[in-house]
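Each value in this text was obtained by applying a stated rule to the coordinates, not by laboratory testing. None of these values were measured; they are calculated from a predicted model. With ideal geometry, Cβ positions are generated from the backbone for all residues, glycine too; neighbour counts draw on all protein chains shown.
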Amino acid sequence: MPQGSAQNPTRKKGAPTRFIVVTGGVCSSLGKGIAVSSIGAIMKACGFKVFVQKLDPYLNVDPGTMSPFQHGEVFVTDDGAETDLDLGHYERFIDEPMSRLSTVTTGQIYQEVLG
C-alpha cells in the first residue's frame, strides 16, 4: 500500500503536509490547470488527500467581473462563486468539490487588506 494512504496503518499521525507548486508566471494557456488536475488525480489514486488552491494575479475579485473576451468562461462552484475554469478541471479530475475557498485573487487580498 502506498505511503500516505488513508488505509495505511504504518502512516504516522501528524505527518507533515506536503506541497506541490505549479507556476507559469504570466503565461496563459500552457496547460497548467490540466497538469495540476492530473497530478492531483495521480496523488489521490496513490492514497493521498488532495486539496487544490488556485492563486490568480488579477485585480478583480473574481473572473465574473471581467470581460469574457479578456478572461474566458468561468466555473461556478456549488456555493455560487464565479471562479477560473481550472477549478472545474480540478473538481472533475480529483472528484472533490471546489468552493470559493479554493481560489484567491489579488483583488480579494487587496479588498480584505484595504477594505
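Assorted remarks:
- Other-chain or far-sequence residues with amide H under 5 Å of PHE75's (modelled H): THR83, ASP84, LEU85
- For THR103, distant residues with modelled amide H under 5 Å away: LYS54
- By other beta-carbon atoms within 10 Å, ranking LEU59, LEU87, LEU30, LEU114 with the fewest at the front produces LEU114, LEU30, LEU59, LEU87.
- Phi-based couplings in Hz for the stretch 44-57 (Karplus 6.51, -1.76, 1.60; Gly and Pro marked x): 5, 5, 7, x, 7, 7, 10, 9, 10, 10, 9, 10, 10, x
- Under the simplified labelling scheme, the THR17-TYR58 pair shows an inter-label distance of 2.7 nm, with each label point 7 Å from Cα along Cα→Cβ.
- The stretch 32-114 - percent relative contact order, Cα under 8 Å, separation 6 or more: 39
- Rounded to whole Hz, the Karplus (6.51, -1.76, 1.60) HN-Hα couplings of the stretch 103-113, x for glycine and proline: 9, 9, 10, 4, x, 5, 5, 4, 4, 5, 6
- Net charge in the neighbourhood of GLY107 (other residues with Cβ under 14 Å of its Cβ; Lys, Arg +1, Asp, Glu -1) is -3.
- Site pair GLU73 and ALA35 shows an inter-label distance of 2.3 nm when each label is modelled 7 Å from Cα along Cα→Cβ.
- By the count of other C-beta atoms within 10 Å, a proxy for reagent exposure, ILE42, ILE20 are ordered fewest to most as ILE20, ILE42.
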